[in-house]
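Remarks on the structure that follows.
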Amino acid sequence: MNPGHNGGNPDLETMPRQRVFLRAAQCPALPAAGFTLIEILIAIAILGILLGIAVPSYHDYVIRTRVSEGVQMATAPQLLAADDFLRNGNFATVAASYNFPDNSADYVADIAIDPASGAISVTTRNTGAAVDPIIVFTPANTPMPGGPPGSTTGLLTWTCALAAGEARHVPRSCATALPLVTP
């Protein structure tokens, strides 16, 4: 024996050496840990189904949010058109003077006012849709209660309709498609 191995303790050198062998039967069995292959496959299948439903719905939500920028930006031309109609009885002045600034919005390409009908057309861009929606707001004149019959002054109400694109990409109030006009 090496005297330096045990720190020079003579008692350790004289101790009998015992070997301990454990038999497999004496070791307690540990419970199985982890997942089985079938459990993992079922979890992956459920995730696949959920993602297959969630991703397209989220994509439509993002497009609707981008299109709503155009709906919001149409409120200023609506107020201008209503003011012009109440002052002049037509939309010609506001249609000639209103000019939508280029590149002033991320998702709106153009806003135009029809001089004859006062309809406001909102053309969207970069929404992520296959066909960027075009929304048309059409005014309807409701005579003022107690006013003269046939008066052009009154309350303008706006109806929103879809001119191009898919109904699922616009707000619910605008999901009705415009009727096709045939020449």
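The values are calculated or read from the model by the stated rules, or taken from the named source; none is laboratory data. Given the structure is predicted, the values throughout are model-derived calculations rather than measurements. Using ideal geometry, Cβ is built from the backbone for each residue, glycine included, and neighbour counts are taken over all protein chains shown.
Against the test of being within 30 Å of P56 (Cα to Cα), modelled with pLDDT under 80 and surrounded by fewer than 17 Cβ atoms within 10 Å (Cβ to Cβ), the options P179, P149, P145 yield a single qualifying residue, P179. Across the range 45-69, what is the total count of residues that are among the acidic types (D, E) and exposed (fewer than 14 other Cβ atoms within 10 Å of the Cβ)? Number of matching residues: 0.
Here E69 passes the criteria (1) at pLDDT 85 or above; (2) touching a helix residue (DSSP H, G or I) at 6+ places or on another chain (Cβ under 8 Å) except the one numbered (2). Do we find a residue being in contact with a Leu (Cβ under 6 Å, 6 or more places away or on another chain) and farther than 18 Å from A167 by Cα anywhere in the range 72-84? Yes. For the range 70-116, the tally of residues that are within 19 Å of W158 (Cα to Cα), loosely packed, with under 13 Cβ neighbours inside 10 Å and without any contact (Cβ under 8 Å) to a residue 60 or more places away in the chain stands at 6.
Residues are listed down the side, and each one gets a yes or a no for (1) modelled with pLDDT under 90; (2) in a loop (DSSP other than H, G, I, E, B); (3) not acidic (D, E):
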residue: A32; (1), (2), (3): yes, yes, yes
residue: E39; (1), (2), (3): no, no, no
residue: A43; (1), (2), (3): no, no, yes
residue: A54; (1), (2), (3): yes, no, yes
residue: D60; (1), (2), (3): yes, no, no
residue: L86; (1), (2), (3): yes, no, yes
residue: T93; (1), (2), (3): yes, no, yes
residue: A96; (1), (2), (3): yes, no, yes
residue: D102; (1), (2), (3): yes, yes, no
